[in-house]
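Chemist: Below is the structure I would like to discuss, written out as structure tokens.
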């Protein structure tokens with residue numbers, strides 16, 4: 001599909017048959033609802049000297065990575081991800097383990113739930129139901145109920161807020177309740193600027209620039225996990241390849257690969273910037289952009305918007321979600337179904 005095609009609300013609706021755009025635009029309400037859901041779970045604060053492990057996969061895991069970035073140096077203990085079947089080897093009984101599975105049936109997260117129980121670590125569950133909720137209720141483990149009806153990746157506000165709140169409840173970081181509330185209001189202001197009926201909005205301009213290319217998304221510090229989120233959203237929504245790297249590491253290896261990029265395909269590069277990044281990182285972004293552009297690839301530098309770390313983080317998450325949706329429309333594919341993922345799960349269930 002040509003990049004000259006309309007990306008109006010009606011044009012998006014014709015492709016976005018499951019209405020994912022409406023879910024993305026509801027991000028401010030979801031942030032507030034997530035706070036309410038954590039509060040309604042009535043979880044008692046419990047100091048965890050061993051830190052916090054966030055166990056999950058895909059869209060259920062990204063909240064832990066984003067929460068760790070939002071906290072930054074306000075995290076007082078380790079906050080790590082367990083994206084797999086096992087806990088980190090150093091996990092002790094005084095660690096809190098947040099098991100996050102939107103469906104409640106993610107086999108990797110169920111395995112970590114059992115491992116944490118065998119270890120004697122404190123467990124907290126966030127899910128819509130499934131086997132995980134059933135096991136948690138049988139074990140008297142606190143359950144934070146998530147709303148149904150989303151693809152897991154669309155529930156990013158919930159996975160982010162739950163991880164932030166559990167970090168606060170376990171003593172792994174400051175409570176950011178007020179900051180999340182302000183970020184929700186700030187997101188509403190951004191949506192006024194990025195209204196789907198505005199043809200020249202930033203998300204649409206970026207989507208048109210990336211269409212027909214394989215994007216490399218790069219970040220650093222606060223923006224590193226957001227860059228990974230952009231990559232996975234492009235994968236799942238636009239059904240297209242994309243890759244992710246982190247500065248300054250990519251300047252020590254990946255940058256050399258751009259010399260041959262034009263020989264194997266059409267690539268592009270997006271750098272997610274933030275006002276709080278190390279000055280040398282910000283200098284590297286501009287220099288690296290120039291080197292990549294010299295090989296004929298389009299490059300984009302996108303800066304976060306907002307005052308607090310949470311505001312700025314959420315601004316780039318929202319932007320990436322919209323860009324991935326518009327890329328799906330430009331490709332003429334419904335962003336919501338992930339048929340190949342379901343086929344893989346079905347094949348695994350028979351094994």
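Chemist: Hey, among the residues in segment 184-200 that are assigned to a loop (DSSP other than H, G, I, E, B) and free of Cβ contacts under 8 Å to residues at least 12 places away in the same chain, which one's surrounded by the most Cβ atoms within 10 Å (Cβ to Cβ)? Can you show your working first?
Modeler: The first filter runs over segment 184-200 and keeps only residues assigned to a loop (DSSP other than H, G, I, E, B), leaving 194-200.
From what's left, free of Cβ contacts under 8 Å to residues at least 12 places away in the same chain: 195, 198, 200.
Values: 195: 10, 198: 15, 200: 8.
Checking each candidate, the answer is 198.
Chemist: Using the structure shown, decide if residue 271 is under 26 Å from the mean Cα position of the chain (by Cα), modelled with pLDDT of 95 or more and surrounded by 19 or more Cβ atoms within 10 Å (Cβ to Cβ).
Modeler: yes
Chemist: A further question on this structure: Please go through (1) closer than 29 Å to residue 320 by Cα; (2) touching a residue at least 12 places away in the same chain (Cβ under 8 Å); (3) assigned to a helix (DSSP H, G or I) for residue 36 and return the number of the only condition it doesn't satisfy.
Modeler: (2)
Conditions (1) buried (at least 23 other Cβ atoms within 10 Å of the Cβ); (2) in the same structural domain as residue 32 (by TED's automatic domain parsing); (3) more than 26 Å from residue 17 (Cβ to Cβ), marked per residue:
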| residue | (1), (2), (3) |
| --- | --- |
| 120 | no, yes, yes |
| 136 | no, yes, yes |
| 154 | yes, yes, no |
| 171 | no, yes, yes |
| 211 | no, no, no |
| 214 | no, no, no |
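Chemist: Of everything in segment 283-333, what is surrounded by fewer than 16 Cβ atoms within 10 Å (Cβ to Cβ) and closer than 30 Å to residue 163 by Cα? Give them in sequence order.
Modeler: Result: 301, 307.
Chemist: Here is a follow-up. As an exercise: evaluate residue 4 against (1) part of a helix (DSSP H, G or I); (2) out of contact with any helix residue (DSSP H, G or I) (no Cβ under 7 Å at 6 or more places or on another chain); (3) modelled with pLDDT under 95 and give the number of the one condition it does not meet.
Modeler: Looking at each condition in turn, residue 4 falls short on (1).
The values are calculated or read from the model by the stated rules, or taken from the named source; none is laboratory data. The model shown is predicted, which means the values in this text are computed figures rather than measured ones. Glycine also receives a Cβ, built like all others from the backbone with ideal geometry; neighbour counts cover every protein chain displayed.
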